[in-house]
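Nothing in this text is a laboratory measurement; each read-out follows from the coordinates by a stated rule. Bear in mind the structure is a predicted one, so any value in this text is a computation, not a measurement. Reconstructed Cβ throughout: ideal geometry from the backbone, glycine too, with neighbour counts over all protein chains shown.
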């Protein structure tokens, strides 16, 4: 078993298989695989990719940005050549799949609760007025997440490509790109807790 778990791919494949078995068991226990079941399934995907995305965001800000300046200059190429590009790969794609899974959840909730999508996306100005404040609070989280997603693909990743030498750029361009990517990563860190508060509190309190 130890040898099996030393292989990351094997570990993740087994973990996914076990999770899928549990997902099927939940559907069987409920007695039907209806819209609510698929909503729960896509929420599971939303949570998984969200953990990966925000976890890497926190790695960059809690660890990498703070400790990299302490690394001797001759050792830093190991980070920029191997660790950071790999982390950015999972970072940007987990952001995309978090958003896609979230859109699926909104669509499935709309099928179960007509007016839900309009209410949330309009920040409570459309849909059922009796839950306007609830939609406002959820909508804030949705838009914060979208801003963070746009920052990842529109600012952080393009600038990191220059900073890491994936795209051409002189020393000044690399330094400027690194500062820009770092600032928008810090902005996403700032927005992350309000966004997570919106998502978690809404789901717990209003379902």
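Structure summary
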{"read-out": "Residue exposure sequence - 105, 16, 155 - by fewest surrounding Cβ within 10 Å", "value": "16, 155, 105"}
{"read-out": "Cα→Cβ-extended label distance, 7 Å offset, between residue 17 and residue 29, nm", "value": "2.2 nm"}
{"read-out": "Candidates 92, 66, 132, ranked by Gaussian network fluctuation over the chain, Cα under 10 Å, top entry", "value": "66"}
{"read-out": "Centroid-to-centroid separation of the stretch 65-115 and the stretch 143-198 [C-alpha atoms, Å]", "value": "11 Å"}
{"read-out": "Folded to 0 to 90 degrees: helix 35-58 orientation relative to the chain principal axis, Cα", "value": "20 degrees"}
{"read-out": "Given (1) 32, 20, 14; (2) 28, 19, 17; (3) 36, 24, 13, the label whose value is semi-axes √(5λ) of the Cα gyration tensor in Å derived from this model", "value": "(3)"}
{"read-out": "Expected 222 nm ellipticity per residue - DSSP helices of 4 or more, -39500 (n - 2.57), all of the chain, to 500", "value": "-24500 deg cm²/dmol"}
{"read-out": "Residues 70, 110, sorted so that the one with the fewest Cβ neighbours within 10 Å comes first", "value": "70, 110"}
{"read-out": "Relative contact order computed over the chain (Cα-Cα under 8 Å; 6+ residues apart), in percent", "value": "19 percent"}
{"read-out": "Radius of gyration, Dmax [the stretch 88-207; alpha carbons; angstrom]", "value": "17.5, 57"}
{"read-out": "Ascending count of other beta-carbon atoms within 10 Å, so fewest first, for 59, 82", "value": "82, 59"}
